[in-house]
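Please read the structure below before turning to the comments.
The values are calculated or read from the model by the stated rules, or taken from the named source; none is laboratory data. Treat the numbers as computed from the prediction; the structure is a model and nothing was measured. Neighbour counts run over all protein chains shown; Cβ positions are idealised from the backbone, glycine included. Only protein heavy atoms, including side chains, enter the accessible area calculation; ligands, DNA and RNA are left aside. Shrake-Rupley method; radii C 1.70, N 1.55, O 1.52, S 1.80 Å.
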Amino acid sequence: QTIVVAKGFGRSSMPATDTVTVQGTGQAMLPPNVARVSFTIEHTATTVIDAQSATTKQSRAVLDFIQGQGIGEKDVKTLSYNISPQYTTVRCPKNATVCPPPVKITGYQVSETIQVTVRDLSVTGYLMGGFGKLGVQNLNGPAFALDDPTVGYNAARADAINKAKQQASLLAKQLGVS
């Protein structure tokens with residue numbers, strides 16, 4: 001046995017027939033307030049330690065340059081750090097009775113990819129030029145954006161709500177209802 005204590009509490013059992021539904025769409029055009037730039041520092045050497053040392057030395061120089069532009073630590077992050085062996089293929093000589101292994105490690109490549117968030121957009125070009133002078137590879141950017149994308153979403157949502165209210169007000173006036 002089922003006992004229903006409160007079904008549809010606070011709602012009429014009859015569907016509403018005196019409602020008007022409106023919809024609004026919104027847009028927001030905001031200027032970017034940050035630029036994101038990424039780059040890679042990469043070195044190859046016969047040993048891992050030598051490749052790491054060269055990469056670290058260049059990274060320090062680049063990070064000193066970034067800090068000199070007034071960019072704080074919170075706006076610099078490492079995206080990746082990789083150590084990869086480098087190989088060469090060794091062919092077995094004709095008529096040889098013993099062959100060396102077909103692949104030989106000849107060195108190691110160490111790469112570090114760093115992303116910088118630039119808040120003073122006026123230094124972006126100078127910063128990128130400095131990166132080039134410091135010999136970074138795979139320089140990407142600048143990618144201009146909003147530091148907090150919710151600001152744009154909130155502005156677009158407010159625009160949509162405002163348009164929906166205007167539409168509802170116009171329809172109510174035309175229908176003679178309030």
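For the stretch 75-112, how many residues meet the condition of being free of Cβ contacts under 8 Å to residues at least 12 places away in the same chain and open to solvent by 50 Å² or more (accessible area, probe 1.4 Å)?
10
Would a scan of the stretch 47-62 turn up a residue that is out of contact with any strand residue (DSSP E or B) (no Cβ under 8 Å at 6 or more places or on another chain), modelled with pLDDT of 90 or more and among the hydrophobic types (A, V, I, L, M, F, W, C)?
yes
For the stretch 118-165: of the residues being of a type in the set (Phe, Trp, Tyr) and surrounded by fewer than 16 Cβ atoms within 10 Å (Cβ to Cβ), which is nearest to residue 75 (Cα to Cα)?
That would be 144.
Could you grab me the full set of residues in the stretch 28-71 that are aromatic (Phe, Trp, Tyr) and crowded, with 17+ Cβ neighbours inside 10 Å?
Residue satisfying the conditions is 39 alone.
I'd like the residue in the stretch 1-27 that is modelled with pLDDT under 85 and surrounded by 10 or more Cβ atoms within 10 Å (Cβ to Cβ) and, out of all such residues, is nearest to the chain's Cα centre (by Cα).
24
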